[in-house]
Amino acid sequence: TLGIILARTNSVRLKNKVLMKSLDKKVTLIDYFIRRLKKCKRIDKIVLATSKNKSDKILIKFAKKNNIDFVLGSEKDVLSRVVKVINFFGKDYDYILRANADCPLFMPTIQDKHIKNFIISKKDLFSPFKNNIEPFGFSFCLFKKTTILKIDKMAKKQSYREHIENFCFDNKNNFSFYKLKKTQYKFPQLKLTLDDYHDLIKTRYLLNRLKNYTLKKQPQKLISFFKNQ
């Protein structure tokens, strides 16, 4: 499995969000995200894919610091960035994980379980964001490498090239889908993505609450924080 981190600094609602500090005010969120992604046992290689924009060049520093490779590509054409990573680094990998850097509270143990079950399923893709039953941001989209290359050939609309899996959902006859039918972490109303300043405050609070728990215990503890409020 090849994990591709998608990150940029030019976010409309919260500019430079991935460069902001995490709970200890020392480690940036992008650093925290990369280190957390490295804890996934079923991801074999990680590559950062960011844009060629001058403002995003700073992200290269974090890739180098964390000893991961990187590519630069189109800001809006996310699919072309993913394909570029595959062309450079994907020869030995059959599965692609699209890791959005604005989900620093994703759960490595859950992600590993999804990767295992997705590979067993032999389906084309899995999206935890489509009719999600777990918290929104607990894990990421998974694709067969051949599925990504198929989408790249077929998808022409800008909206599809920015939101890759939407092309599959709008062309269901051409793809097979792995669906999460049950989970011990059912709580779909909980949103954990980092979109605005309110999310940043919430993220820092939750990171502080979770820091003393093992990765295995973190999913249930996080859900319990909200259910007990």
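The values are calculated or read from the model by the stated rules, or taken from the named source; none is laboratory data. Treat the numbers as computed from the prediction; the structure is a model and nothing was measured. All Cβ positions, glycine included, derive from the backbone under ideal geometry; neighbour counts span all protein chains shown. Only protein heavy atoms, including side chains, enter the accessible area calculation; ligands, DNA and RNA are left aside. Shrake-Rupley method; radii C 1.70, N 1.55, O 1.52, S 1.80 Å.
Observations
- Residues Met154, Met20, Met107, sorted by accessible area with the largest first, give Met154, Met20, Met107 [1.4 Å probe; ligands and nucleic acids excluded].
- DSSP bridge analysis restricted to the chain gives an antiparallel fraction near 30%, rounded to the nearest 5.
- Separation in nanometres of the label points that stand 7 Å from Cα toward Cβ, at Asn174 and Lys65: 4.1 nm
- Estimated 222 nm signal from helices in the chain, with DSSP H stretches of n ≥ 4 weighted -39500 (n - 2.57), rounded to 500: -11500 deg cm²/dmol
- In segment 1-141, the convex hull through the Cα atoms has an average projected area of 8.6 nm², a quarter of its surface area.
- Using distinct alpha-carbon pairs, which all enter the 1/r mean, Kirkwood radius of segment 84-229 in Å: 16.5 Å
- The Stokes-Einstein estimate for segment 89-139, based on a Kirkwood radius over Cα pairs and taken at 20 °C with 1.002 mPa s viscosity, is a diffusion coefficient of 178 µm²/s.
- When the chain is treated as a Gaussian network with alpha carbon springs shorter than 10 Å, the biggest mean-square fluctuation among Ile34, Ile68, Ile120 belongs to Ile120.
- Area accessible to solvent at Thr146, 1.4 Å probe radius, in Å²: 90 Å²
- The alpha carbons of segment 144-203 stretch over 41, 30, 19 Å along the principal axes, in descending order.
- Only Cα sites of segment 31-72 enter the Debye sum here, all with the same form factor; the resulting log10 I(q)/I(0) across q = 0.25, 0.26, 0.28, 0.31 1/Å is -0.86, -0.91, -1.01, -1.14, listed in q order.
- About its Cα centre, the chain has a charge dipole of approximately 500 debye under the convention of +1 per Lys or Arg Cβ and -1 per Asp or Glu Cβ, with nothing else charged.
- Segment 125-211, accessible surface, carbon-and-sulfur percent (1.4 angstrom probe): 49 percent
- In this structure, the pairs whose alpha-carbon distance is over 20 Å, taken from Lys122/Lys217; Lys41/Lys113; Lys15/Lys39; Lys15/Lys130; Lys113/Lys144; Lys21/Lys41, are Lys122/Lys217; Lys15/Lys39; Lys15/Lys130; Lys21/Lys41.
- Here segment 179-201 is scanned for amide nitrogen atoms under 12 Å from the site 7 Å beyond the Cα of Asn131 along Cα-to-Cβ, giving 179-182.
- Fraction in percent of alpha-carbon pairs per bin - 5 Å, segment 58-152: 2, 12, 19, 23, 23, 15, 5, 0
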